[in-house]
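Accompanying notes for the structure given below.
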Amino acid sequence: MASPGNERPSLCFREENLLPMRDSSSLFAGSSRREQKFWQEHHNKGSSNQEVQKQMRQINSGKTRCKPINTIIHSPKDTIKDICTDPSSKNVPCKNGRDNCFVGAKPHPVTICEEKANSQPGKCRYNCTKKEAVKVTVACENGRPVHLERTHDEL
């Protein structure tokens, strides 16, 4: 038992204070903030309009402007992570000139959300379109995705 004055504070978590996570296993030990943000903004196994709109509300929560466009990938996390390490992924230049972007060999189902004209901070509104077969390019750090660079429609 700790001596007086050295007690460990008890940790109380109230459900209403916790940020809902779609998949808490995505925030594993050793992940960078950039990787965590990638998973929070660009991954959701669920693809219903309700789930996508909820995710977009979370992404914009507390921000001074609405995110103009966002793509959500609906593939399993391991499949997305493989883009960074799979030898069949193609290394391509990133928009910022760096050389850490990779196009995955396999297509992914995605939802692309574009901000509506009457949208405003606190009440961001989106038109979201589902696509079933889209190639994804991600920027990788330490073999893990940290930025969604672009998507390419499969032909």
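The values are calculated or read from the model by the stated rules, or taken from the named source; none is laboratory data. Remember, predicted model here, so these are calculated numbers, not experimental data. Ideal geometry is used to build each Cβ from the backbone, glycine not excepted, and the neighbour counts take in all protein chains shown. We work out accessible area using only protein heavy atoms, side chains counted, and drop any ligands, DNA or RNA first. Shrake-Rupley method; radii C 1.70, N 1.55, O 1.52, S 1.80 Å.
A few comments on the model shown:
- When the stretch 119-140 is filtered for residues that are in contact with a strand residue (DSSP E or B) (Cβ under 9 Å, 6 or more places away or on another chain) and of a type in the set (D, E, K, R), the ones remaining, listed by number, are Arg125, Lys130, Lys131, Glu132, Lys135.
- Hits in the stretch 29-67 - residues which are free of Cβ contacts under 8 Å to residues at least 24 places away in the same chain, closer than 17 Å to Cys113 by Cβ and not in a helix (DSSP H, G or I): Ser48, Ser61
- Among the residues of the stretch 13-23, not a single one is assigned to a loop (DSSP other than H, G, I, E, B) and modelled with pLDDT of 75 or more.
- Count of the stretch 68-111 residues, restricted to those that are assigned to a helix (DSSP H, G or I) and in contact (Cβ under 8 Å) with a residue 40 or more places away in the chain, is 6.
- Residues in the stretch 117-135 that are of a type in the set (Lys, Arg) and surrounded by 12 or more Cβ atoms within 10 Å (Cβ to Cβ) were compared, and the one that is farthest from the chain's Cα centre (by Cα) is Arg125.
- Single residue of Asn49, Asn60 found to be farther than 18 Å from Arg150 by Cβ and open to solvent by 70 Å² or more (accessible area, probe 1.4 Å): Asn49
- Screening the candidates Ile73, Ile69, Ile83, Ile112 for the property of being open to solvent by 80 Å² or more (accessible area, probe 1.4 Å), aliphatic (A, V, I, L, M) and modelled with pLDDT of 95 or more yields one hit, Ile69.
- Selection over the stretch 136-155 of residues that are open to solvent by less than 50 Å² (accessible area, probe 1.4 Å), touching a helix residue (DSSP H, G or I) at 6+ places or on another chain (Cβ under 7 Å) and assigned to a strand (DSSP E or B) gives a count of 6.
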